[in-house]
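The values are calculated or read from the model by the stated rules, or taken from the named source; none is laboratory data. Being a predicted model, the structure only gives us computed values, none of them experimental. Neighbour counts are summed over all protein chains in view; Cβ atoms, including those assigned to glycine, are modelled from backbone coordinates with ideal geometry. These area figures cover heavy atoms from the full protein model, side chains too; ligands, DNA and RNA do not enter into them. Shrake-Rupley method; radii C 1.70, N 1.55, O 1.52, S 1.80 Å.
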Amino acid sequence: MLLEGLDRKHKVLLIKDDYPSVNWSFEYRGFEVSYVELNENLEENILDTIRKDDISILALSLVQWTDGFKINMNFLTKVKSEFPNLKIIADGTQFCGTEDFDFESSPIDVLGASAYKWLLSGYGNGFMLFKDGVEEIFNVRVIGFNASRHDLGARDRIPFANHFEPGHLDTLTFGSLKFSLEYLNTLGKQAIEEQLKILSTKAHQELGQLGLLSKVIVGKEEHSTIFNIKGDDALFKNLTENEVICSQRGEGIRFSFHFYNTEEDINEVVKILKTVI
């Protein structure tokens, strides 16, 4: 809906093999796209490509879906300071709910996220956040009576954000999101972030010592709680038979730890892994 209103003259930078819903949306619409590889030189390569290819749109997932690679927010701030006219569009599906995040003070111009993941809100939930001024480059054509708040005379003065609510909204699923946000706030955003840092450090150390992480992740100082380990169908079967909930992503197996997990959970996973690798 957003990209239908973006002029095709914009040059876009994507991360190769980012989440399909991010990359496909630009590729399918025929934008001129440049790519950077997800490797240990990612940040340097992003800056070099923006300078070289006259990029005007940077679109990426803040946490990569396959291996949990986390984009450093200070890096994005640095990018924005060097290229103030660059628009940063971020997918926060694997990010929102993992740390205390202030959109207004961030370098991100548009943030979209599904809320089924770390926000624990079930399927059918999603939201988008826009900085003031982005409506100047997006000529969004999506419209509907609901977007006007049922005002027959308001067709031509619908606020930018309302264009993304053209039809009948599912208030039940929004109620699920509201419940989750209230619950997470009772736990405390800082408390959740601190617990996830503990789990990330623990998993990073244990899985790294087993030689199961890529060199890109091993070398990362700041990482999410998503880890992709080297593993085949047999290992995945063994883990699931031992009641470890995990996913096959790319060429490996992905673990995703949240605040309700403990360091003992990680120890149990490591114990299983040591018996089969």
Check your understanding: Taking region 131-190 as the search range and keeping residues that are open to solvent by less than 60 Å² (accessible area, probe 1.4 Å) and among the β-branched types (Val, Ile, Thr), which one is farthest from Pro107 (Cα to Cα)?
Key -> Thr173
Study note, to complete from the structure: Counting only residues that are polar (S, T, N, Q) and closer than 12 Å to Gly92 by Cβ, region 49-64 contains a total of 1
Practice item. Out of Ser224, Ser214, report the one residue that is hydroxyl-bearing (Ser, Thr, Tyr), under 15 Å from Lys70 (Cα atoms) and modelled with pLDDT under 95. Key: Ser214
Review point. How about region 5-26: which of its residues are at negative phi, surrounded by 14 or more Cβ atoms within 10 Å (Cβ to Cβ) and within 20 Å of the chain's Cα centre (by Cα)?
Key: Val12, Leu13, Leu14, Ile15, Asp18, Tyr19, Val22, Asn23, Ser25, Phe26
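Suppose we keep only residues that are in contact (Cβ under 8 Å) with a residue 24 or more places away in the chain and at negative phi within region 113-122. Which one would you say is most open to solvent (accessible area, probe 1.4 Å)?
Among them, the one singled out is Lys117.
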**Study point:** Residues of region 222-244 satisfying the condition of being touching a helix residue (DSSP H, G or I) at 6+ places or on another chain (Cβ under 9 Å) and farther than 16 Å from Lys197 by Cβ
**Key:** Asn228, Ile229, Gly231, Ala234, Leu235, Asn238, Leu239, Asn242, Val244
Check your understanding: Quick one: what pairs do we get from region 66-88, first residue under 10 Å from Ile108 (Cα atoms), second of a type in the set (A, V, I, L, M, F, W, C) and open to solvent by 30 Å² or more (accessible area, probe 1.4 Å), C-beta under 8 Å, 6+ apart or different chains?
Key -> Lys87/Ile137
Review point. Got at least one residue in region 113-132 being in a helix (DSSP H, G or I) and not hydrophobic (A, V, I, L, M, F, W, C)?
Key: no
